[in-house]
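One structure below.
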């Protein structure tokens, strides 16, 4: 004989809610499993996301039944109980778009975004792939040699498992962007995450259309997939539309793509998958996901209707995704997948340092701000960074103010020059320029040619030396430069820290990307189940609904 929740103590009905008989949704006959009768048991039942559950009403209160038989007959069996609410199985694998996980060969609709300078490391990409998720290597800011070395490792370690690498818009270095595409095509990289694009470039169009062919079923097949990030509708529209004809015509004329490939390109979008980048770390417009995701989903629907692609367009969500609640909200809005960034930098597999991981573990949501970006410094583009424990945001902002005011290094006031050389650079302008010359002689000699005749551009390169080094100092944990650390970070980091407070994930050393990702997915499934109950008029205690982080062993038990 089962015992039940007491309505007044455990699961009180919402004030003014109808009685069980009035809101009955059917009849439940118990099976061999005794209904759960306490809060801990209910949490465990709700966390068993692969099982459907029934809340049944009795004279003594509500109980949670698993298994058994659901019926809708007018004259129920004598041992049947009225069903107050029913919760279907909510499987993490099915939270997003089924075609997304199928097309990419994944188990879960979850991505780890590329973080520049190798912060999105080979180790992160490998762990994600082994866990049935998709990770992108953070190639931006690295030399071609470093990128190729990472590709060697990934192809050797992962074999046929899905993975990808970053392709970043480089308006100041178009030759480098083109060279990265050459490398990706030569090495058979099948997926790229396109980030920071404002306009489509010949390089990214060439990556997308190279190798296009028509299959036996008449549809166009592309060996190269783009998962594009966008926070503005005009940029999103470019990626969700076919490659521009003017760029294709130029590529054909220059012999960079075949005419047949250019003709087939009219039937596919630049990116089948678009990630809505809300308030994130790094390049961001700080837009709220709750407004941006629905807007770009509507844009997706409009362009799908216009172009009638054989495979429908898909939209995922990023920026602020760091907890079960935020992931559940993204999926509830219609996201095909979720993508995380800041929280992965705080994991042990990231290409950052233990010092930075400790700083991130202390961050709150308000501990971030915007600062000038190294790669688009002259354009005034900004990135979101951590401000707690570092002076970088203030110093980088001061650099940009000086850049805007002065015509060149020689035009900088004596007071500002002393501040930069003694406090910011800890080197003279001449010493920094020699290092800058050495760097660009290898990376992009054209920058030096321009600097020889343009004093303001030379000043920009010197200032970018500091911005570039600040990220490397953070990644290496350089102890003498902690106040200059540039740590890309969004407010999601603070939300993650609050959620994990008091659990084993509070400690930086316990944060592993697969454990974090599976906890967010499992918690999102649990959160959606709880929301389902609320929508049926059941009010539950908050401690029952709040998903607590589980160990990897516990997760595997719940997700089997």
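The values are calculated or read from the model by the stated rules, or taken from the named source; none is laboratory data. None of the values given here were measured: they were computed from a predicted structure. Using ideal geometry, Cβ is built from the backbone for each residue, glycine included, and neighbour counts are taken over all protein chains shown.
Structure data summary
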| quantity | calculated |
| --- | --- |
| For residue 257: the one exception among (1) exposed (fewer than 15 other Cβ atoms within 10 Å of the Cβ); (2) over 21 Å from the mean Cα position of the chain (by Cα); (3) farther than 17 Å from residue 336 by Cβ | (1) |
| Hey, residue 559 closer than 21 Å to residue 130 by Cα, crowded, with 19+ Cβ neighbours inside 10 Å and at pLDDT below 95 or not | yes |
| Residue that is farthest from the chain's Cα centre (by Cα), among those in the range 348-362 that are under 16 Å from residue 498 (Cα atoms) and crowded, with 24+ Cβ neighbours inside 10 Å | 359 |
| Subset of the range 70-88 (residues that are assigned to a loop (DSSP other than H, G, I, E, B), touching a strand residue (DSSP E or B) at 6+ places or on another chain (Cβ under 9 Å) and surrounded by fewer than 19 Cβ atoms within 10 Å (Cβ to Cβ)) | 72, 73, 76, 77, 79, 88 |
| Candidate set: the range 157-170, residues that are over 18 Å from residue 442 (Cα atoms) and either outside the structural domain of residue 107 (by TED's automatic domain parsing) or part of a loop (DSSP other than H, G, I, E, B) (or both); chosen: the one nearest to the chain's Cα centre (by Cα) | 163 |
| Residue match in the range 458-466 (condition: assigned by TED's automatic domain parsing to the domain that holds residue 434, free of Cβ contacts under 8 Å to residues at least 24 places away in the same chain and surrounded by 16 or more Cβ atoms within 10 Å (Cβ to Cβ)) | no |
| Residue list for the range 409-436, restricted to those being surrounded by fewer than 16 Cβ atoms within 10 Å (Cβ to Cβ) and either in contact with a strand residue (DSSP E or B) (Cβ under 6 Å, 6 or more places away or on another chain) or under 28 Å from residue 175 (Cβ atoms) (or both) | 430, 431, 434, 435 |
| Residues satisfying the stated conditions in the range 220-229, i.e. farther than 17 Å from residue 198 by Cβ and either assigned to a strand (DSSP E or B) or over 22 Å from the mean Cα position of the chain (by Cα) (or both) | 220, 221, 222, 223, 225, 227 |
| Residue that is nearest to residue 356 (Cα to Cα), among those in the range 484-510 that are touching a residue at least 40 places away in the same chain (Cβ under 8 Å), out of contact with any helix residue (DSSP H, G or I) (no Cβ under 6 Å at 6 or more places or on another chain) and not in a helix (DSSP H, G or I) | 488 |
| For residue 107: the one exception among (1) assigned to a loop (DSSP other than H, G, I, E, B); (2) more than 30 Å from residue 272 (Cα to Cα); (3) modelled with pLDDT of 80 or more | (2) |
| Subset of the range 230-281 [in contact with a helix residue (DSSP H, G or I) (Cβ under 9 Å, 6 or more places away or on another chain) and assigned to a strand (DSSP E or B)] | 230, 273, 274, 276, 277 |
| Every residue from the range 424-443 that is in contact (Cβ under 8 Å) with a residue 24 or more places away in the chain and closer than 17 Å to residue 378 by Cα | 436 |
| Options 204, 268, 226: the member that is over 27 Å from residue 154 (Cα atoms) and in the same structural domain as residue 117 (by TED's automatic domain parsing) | 268 |
| Residue in the range 300-318 that is under 30 Å from residue 476 (Cα atoms) and under 14 Å from the mean Cα position of the chain (by Cα) present | yes |
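Residue-wise test of (1) in the same structural domain as residue 299 (by TED's automatic domain parsing); (2) assigned to a helix (DSSP H, G or I); (3) within 25 Å of residue 274 (Cα to Cα).
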| position | (1), (2), (3) |
| --- | --- |
| 329 | yes, yes, yes |
| 348 | yes, no, no |
| 371 | no, no, no |
| 385 | no, no, yes |
| 389 | no, no, no |
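Rundown of residues vs (1) touching a helix residue (DSSP H, G or I) at 6+ places or on another chain (Cβ under 9 Å); (2) surrounded by fewer than 20 Cβ atoms within 10 Å (Cβ to Cβ); (3) over 18 Å from residue 115 (Cβ atoms); (4) assigned by TED's automatic domain parsing to the domain that holds residue 275, yes/no style:
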| residue | (1), (2), (3), (4) |
| --- | --- |
| 154 | yes, no, no, yes |
| 174 | yes, yes, yes, yes |
| 179 | yes, yes, yes, yes |
| 183 | yes, yes, yes, yes |
| 216 | no, yes, yes, yes |
